[in-house]
Amino acid sequence: DRRFYSFPQLIKTNDNYIILASARTPVGIPPGASQVFVLKLSMDLSDTIWSYYNIDSLEFDNVTGLLELSDGSIAVCGVRNYPDDQVNQMDAIVLKLSPTGEMRFFNVYDEGRFDALNRNLAETLNKGILVAGNSNSPNDPNRAYVVKIDSTGNQQWVKYYPQMTSAYISKYDENKYILSGYLISAQKPKLLLIDSAGNVLKNNSLNSPGCAGYVGRKVSNGGIVVVGITTIEGQGDAGYIAKTDSNGTLLWQRIINYDTGTDYFIDFIVTSDHHLLISGAASDGSCCGGQNAWLVKLDSMGCLEPNCWEVGIEDAKENALGIKVFPNPAAEWINFKLPVNSGDITLEMFTISGKRVMNTKLFAPLEAIQVGHLPMGLYLAKLTNSDGTVSTQKIVIAR
């Protein structure tokens, strides 16, 4: 008797229940309307503990984020669309429910013509909520923004971040929050650290080319992991993952392909063995650009093959640019260990007949490039620094 929309959000609560939040259009309400609904379910999904439906809304509401707060309350963020209103097309919405499913508030936050919240929220020390996304307000077009609301839903402040186009927010500690996203004009992923008042503590670019849709969160060893999408010549769109320290300084990054189509990462969790389980979508290799669900498990260093950063490094010699390339021969990956002050390094790979099969950027200190899609044989890697200095190296791909 209803249709469902949006990207349903799912979490496990601290008392071992499941919370599901999404949007629905029940039969009988006007076309184009959609209502937020939230369910609390038993772990085996056999019992509904409580349910909430925002039955008053005749707008088109979508759910984008879900969070259990420290007192057991449930916070849901999302977007309210006004498809017939070209002046005010979209607003941010936040819903707060008690631990037993009663509505505490359902508020709309309007900062301009087009406001959208991304897929998470963060709780502050004083029980307030920070939500982040993208705003096209008249004074600050196409910028990431953060809205701070108190425990009763009152808006306390709004801050804009021109360093990125859109932001995803997560909590690092009691006075540090992660804003991950991208700057579309520069085609780079961005990572900001802000305090609870919205002040920028760190502003980092991760420097991967051709990016979009990045999600970053703290991991168990104190660092930050970011996932998303990047584009590489000869490989199409690929899954991207990077690890930084607690200050957002890059430690390593990986680019992972499934096929030479549109592949990307969208979210991740840390497993009980401290590995990274990443979800996304991957090209199915068809002529028409179809995709399948994509699930990738990497170790804590981002390796598909365990200890990929140790294999071959002892035998690797520095080339003229001070870069170590290993292993050689390679099967699925080539690893590049760059000097800390190396700056941007361009990597081009050529077949022995001179055909270029790869063109990308490398950034210090560690980077791995997937070569499993390339046929076995001899290749020439051409490495060029920002000064134009070139180093070439023969690489064998063998399996």
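Things worth noting here:
- Taking (1) in a loop (DSSP other than H, G, I, E, B); (2) open to solvent by less than 30 Å² (accessible area, probe 1.4 Å) in turn, Ser353 satisfies each apart from (2).
Residues are listed down the side, and each one gets a yes or a no for (1) over 26 Å from Ser205 (Cα atoms); (2) surrounded by 15 or more Cβ atoms within 10 Å (Cβ to Cβ); (3) modelled with pLDDT of 90 or more:
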{"residue": "Asp299", "(1), (2), (3)": "no, yes, no"}
{"residue": "Asn307", "(1), (2), (3)": "yes, no, no"}
{"residue": "Val357", "(1), (2), (3)": "yes, yes, yes"}
{"residue": "Ile369", "(1), (2), (3)": "no, yes, no"}
{"residue": "Gly372", "(1), (2), (3)": "yes, no, no"}
{"residue": "Asn385", "(1), (2), (3)": "no, yes, yes"}
{"residue": "Val390", "(1), (2), (3)": "no, no, yes"}
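- Arg104 being touching a Lys or Arg at 6+ places or on another chain (Cβ under 8 Å) and modelled with pLDDT under 95: no
- Region 100-130, subset aliphatic (A, V, I, L, M) and assigned to a strand (DSSP E or B), residue most open to solvent (accessible area, probe 1.4 Å): Met103
- In region 52-72, the residues that are in contact (Cβ under 8 Å) with a residue 24 or more places away in the chain reach residues that are among the aromatic types (Phe, Trp, Tyr) and surrounded by 20 or more Cβ atoms within 10 Å (Cβ to Cβ) with C-beta atoms within less than 7 angstrom, at least six apart or across chains, in these pairs: Tyr52/Phe37; Tyr53/Phe37.
- Members of region 237-254 that are among the charged types (D, E, K, R), in contact (Cβ under 8 Å) with a residue 40 or more places away in the chain and assigned to a loop (DSSP other than H, G, I, E, B): none
- Residues that are in contact with a Gly (Cβ under 6 Å, 6 or more places away or on another chain) and surrounded by fewer than 18 Cβ atoms within 10 Å (Cβ to Cβ), drawn from region 165-189: Gln187
- All positions within region 147-164 that are of a type in the set (Val, Ile, Thr), open to solvent by less than 10 Å² (accessible area, probe 1.4 Å) and at pLDDT below 95: Val147
- Filter result for Leu347 (among the aliphatic types (A, V, I, L, M), more than 27 Å from Gly248 (Cβ to Cβ), part of a strand (DSSP E or B) and open to solvent by less than 70 Å² (accessible area, probe 1.4 Å)): no
The values are calculated or read from the model by the stated rules, or taken from the named source; none is laboratory data. The shown structure was predicted, so the numbers you read here are calculated from the model rather than taken from an experiment. In this analysis, Cβ positions are derived from the backbone assuming ideal geometry, glycine residues included, and neighbour counts consider all displayed protein chains. Surface areas here come from the heavy atoms of the whole protein model, side chains and all, with no ligands, DNA or RNA. Shrake-Rupley method; radii C 1.70, N 1.55, O 1.52, S 1.80 Å.
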